[in-house]
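These notes concern the structure reproduced below.
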Ligand code: DAT
Ligand code: MG
């Protein structure tokens with residue numbers, strides 16, 4: 001079986017409900033290793049690129065507002081990269097169906113998700129659904145230096161006169 005990586009995001013509803021620890025405990029059942037972890041402020045550009053495959057859906061704008069935290073008063077999520085054998089499906093099994101009402105009640109989404117009155121699936125976590133999606137998503141959310149394993153090919157580049165913040 002192949003070693004895979006998968007991107008997990010604790011969405012703003014998961015943060016507001018203080019579920020991060022709980023979710024990580026559940027995910028640890030998969031016996032995978034964490035190779036990246038961080039809190040992220042979600043810009044509209046990041047959100048739109050992450051969900052670009054859904055741009056034609058009627059719920060697209062609400063989905064973008066949701067992942068940006070606009071429904072929950074906060075513009076942040078926490079993101080993790082997990083690695084291990086068959087990681088994508090093993091994590092998806094624990095996470096559960098996209099629709100919280102169809103999700104197995106013992107899955108994360110079944111236990112903690114809900115559908116809002118306007119029809120948004122507030123399903124607490126994101127998890128990659130294929131190796132292709134995982135690669136696209138991990139490269140979108142993480143820089144090579146933020147991962148403790150060399151997953152995808154990298155190249156060296158010299159960045160000149162780039163404005164960046166350092167500790168004052
Ligand atoms: P998943 O997150 O299970 O991979 P997806 O990639 O098809 O599902 O969709 C991304 C998110 O969009 C999903 O987590 C919740 C939202 N979504 C998908 N289908 C929806 C629908 N029919 N109604 C409302 N929200 C939906
Ligand atoms: Mg998906």
Dmax and Rg, reported as Rg then Dmax, of the chain (C-alpha, Å): 16.3, 52
Two-site label geometry, residue 65 and residue 154: point separation in nm, points 7 Å out along Cα→Cβ: 3.9
Region 3-146 - percent relative contact order, Cα under 8 Å, separation 6 or more: 36
Approximate spin-label separation residue 165-residue 75, in nm, with each point projected 7 Å along Cα-to-Cβ: 1.1
Cβ-based exposure ranking for 159, 148, in which fewest neighbours within 10 Å come first: 159, 148
Anisotropy class of region 17-113 from Cα gyration tensor, a/c 1.5 cut: prolate
Point-to-point label distance, residue 39-residue 86, nm (Cα→Cβ direction, 7 Å offset): 3.6
Over the chain: helical MRE at 222 nm, DSSP H runs n ≥ 4 each giving -39500 (n - 2.57), nearest 500: -8500 deg cm²/dmol
Computed E for residue 54/residue 114 - FRET, C-beta separation, R0 22 angstrom, nearest 0.05: 0.70
Size descriptor, Kirkwood hydrodynamic radius, that averages inverse alpha-carbon separations across region 1-49, Å: 12.8
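Coordinate-derived values only; no laboratory data. Quick caveat, the model's predicted, so the values are computed rather than measured. Quick reminder, even Gly has a Cβ in these numbers, built from the backbone with ideal geometry, and neighbours come from all protein chains shown.
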